[in-house]
Amino acid sequence: MRKPEHVTTGAEVGFVLLDSTLHPVLLNRSAAEILSYPLRPGAQKGQHSPLAERVRIMLVASQPAGGSPIVSEFRSGKRLYHCRTFRLDVQTKEYSQLSLAVLFERGSSASLSLPQVAQKYHLTTRERQVLEFLLQGLTSKEIADRMSISTNTVKAFLRLIMIKMGVSTRSGILGKAITSNSDIVYPIHQSENPPQD
C-alpha cells in the first residue's frame, strides 16, 4: 500500500484525496492532525501507515447512505467535523480512475459561502444553483433532474460558470469555489521540506 503524501496549508480545513479503493493518496497537515488525534501525525513509524487506517475508520461509511461512501460528519476527540465529498475523474498516462476529494471542517458545514462565491464571479441565480449542486458532487444528469432542465442546459450553465471563473474544467470550478474562501493547498512529497513563508 502507498504511503499517503502530506500537503502543507495554513487552512483549518482538512483535505484528503482518496483513490478508487478509498485509500488515502494525499492529505494536508490539518487532516493528518485531526485524524490522528490524540497522537501527533507521524508519531508512529512502520510499514503500514496508522494514518491510512484512521482515514478508513473515520471517513469511510460502514453503510453508505445516498450513494456516498464517505460519512457526512465524524468526531475527533470532542470536536465534530462536517465532510464534503467531490468526485474527480483522474486521467494520467499511468492510470485512469475515479478518485474522491474529501474536505472536512469543524463546526458549520456552510463555511464555503455560496453567496460570496456567486457575488465574486457575478453568477446568475441559475448558475448559482448549478454550482451548488456541483459542490454536492452531483453529475450533470443529476443536476438536470433536480432543476428540471436538460443535461445540455446544465452543460451550458457549467460553460458559462467556467468562463466567469476563468477555468476550463468542472474540477477547476470546484477549485476556484473552494479557494475563494480558504488558503490554497500545495502538494508536496514527504521527503521534501514544506515551503517557507
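The values are calculated or read from the model by the stated rules, or taken from the named source; none is laboratory data. Note that the coordinates shown come from a computational prediction; the quantities given were computed from them, not determined experimentally. We place every Cβ from the backbone using ideal geometry, glycine too, and count neighbours over all the protein chains shown. In case anyone asks, the SASA skips ligands and DNA or RNA and just uses the protein heavy atoms, side chains included. Shrake-Rupley method; radii C 1.70, N 1.55, O 1.52, S 1.80 Å.
Among the numbered criteria (1) at pLDDT 95 or above; (2) open to solvent by 60 Å² or more (accessible area, probe 1.4 Å), which one does Glu132 miss?
That leaves (1) as the condition not met.
Can you tell me which residue is least open to solvent (accessible area, probe 1.4 Å) among those in the range 135-149 that are modelled with pLDDT under 90 and polar (S, T, N, Q)?
In this case the residue turns out to be Thr139.
How many residues are at pLDDT below 55 and hydrophobic (A, V, I, L, M, F, W, C) if we restrict to the range 153-197?
The total comes to 3.
For (1) modelled with pLDDT of 80 or more; (2) among the hydroxyl-bearing types (Ser, Thr, Tyr), each residue gets a yes or a no:
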site: Gln44; (1), (2): no, no
site: Val55; (1), (2): yes, no
site: Leu59; (1), (2): yes, no
site: Arg75; (1), (2): yes, no
site: Gln91; (1), (2): no, no
site: Ser96; (1), (2): no, yes
site: Val102; (1), (2): yes, no
site: Ser109; (1), (2): no, yes
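For the range 12-27, enumerate the residues that are surrounded by fewer than 21 Cβ atoms within 10 Å (Cβ to Cβ) and in a loop (DSSP other than H, G, I, E, B).
Glu12, Asp19, Ser20, Thr21, Leu22, His23
What tally of residues in the range 1-18 results from selecting those that are charged (D, E, K, R) and either within 20 Å of Thr179 (Cα to Cα) or modelled with pLDDT of 85 or more (or both)?
Adding up the residues that qualify gives 1.
Condition test on Leu80, is it closer than 21 Å to Ile178 by Cβ, open to solvent by less than 80 Å² (accessible area, probe 1.4 Å), assigned to a strand (DSSP E or B) and modelled with pLDDT of 85 or more?
When the stated conditions are applied, Leu80 does not pass them.
With respect to Pro64, determine if the residue is at pLDDT 80 or above and surrounded by fewer than 16 Cβ atoms within 10 Å (Cβ to Cβ).
It is false that Pro64 is at pLDDT 80 or above and surrounded by fewer than 16 Cβ atoms within 10 Å (Cβ to Cβ).
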